[in-house]
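Scroll down for the structure; my scribbles are underneath it.
Just so it is clear, none of the values below were taken in a lab; they were calculated from the coordinates. Worth saying up front: this structure is predicted, and the values here are computed from it rather than measured. Here the Cβ positions follow ideal geometry from the backbone for every residue, glycine too, while neighbour counts run over all protein chains shown.
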Amino acid sequence: MARTRVLLVDDHEIARRGLERVLMSSMREVHCGEASDAAEATALLASGPWDVVLLDLNLPGRGGLDLLAEAKRIAPRTPVLVVTACDEDEFAVRALRAGADGYVAKTSGAREILAAVEKVMRGGRYMSARVAERLAMGAAPGASAPDHERLSRRELQVLKLVAVGRSLKEIAAEMHLAERTIATYRARIGTKLGLSTNVQIARYAIQHHLVD
């Protein structure tokens, strides 16, 4: 029997061990490759083939959404299941629109995670009823995704911090990044959303319920 090859992409070793145990409890022959960041994941994807990728969105450096797009470019036929602690309301629809084949919370039980893995490996899509409803609403005639769904995870994080009045220096310290990197994210936000001032960013964030 051919082994099922699963690529686990998560920066926490304990999370990778947990997922590996869940998979091995159901799959008789499984081989797990492991990556803790986007660079490692990209290299392993290119060395494939893999039967499925289990991807966390909260990665150091390049975020999981950026890696998702890269994974679909490198291995377009390989299903990607997002398994993450990131907020479903904020990220699930964005991940699925970016090419993910499924989205499941890390807090889900082993049975649900296994069901999600099996479904995407069969060519299906896995998501909660709530996310399915939101996707359906977005597909309705005349509906369109809000502009901020085009932002990367890092850009969205910067937008929220700018909206609550943080300076670029303060944001850089909080995110452990260089101030010029934050300035680049701030510039991309302005370009993608058509917003030139921090006041406009704050107003946009409030209108779209991105900040309290």
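Counting only Cα atoms, the size of region 55-212 along its three principal axes is 47, 36, 29 Å, in decreasing order. Using the alpha carbons alone, the radius of gyration of region 1-116 stands to its Kirkwood radius in an Rg to Rh ratio of 0.92.
Each of residue 122 and residue 3 was given a label point 7 Å from its Cα along the Cα-to-Cβ line. The distance between the two points is 2.6 nm. Adding -39500 (n - 2.57) for every DSSP H run of four residues or longer, then dividing by how many residues the chain holds, sets the calculated 222 nm ellipticity at -16000 deg cm²/dmol. Full extension of the chain segment joining residue 133 with residue 58 gains 24.6 nm, where the gain is 0.36 nm per residue of separation less the Cα-Cα distance. At an R0 of 25 angstrom, the distance between the Cβ atoms of residue 191 and residue 69 translates into a FRET efficiency of 0.90.
Multiply the residue separation of residue 40 and residue 108 by 0.36 nm, subtract the distance between their alpha-carbon atoms, and state the gained length in nm to one decimal.
On the way: separation 68, 0.36 × 68 = 24.48 nm, distance 2.60 nm.
Stretched out fully, the residue 40 to residue 108 stretch lengthens by 21.9 nm.
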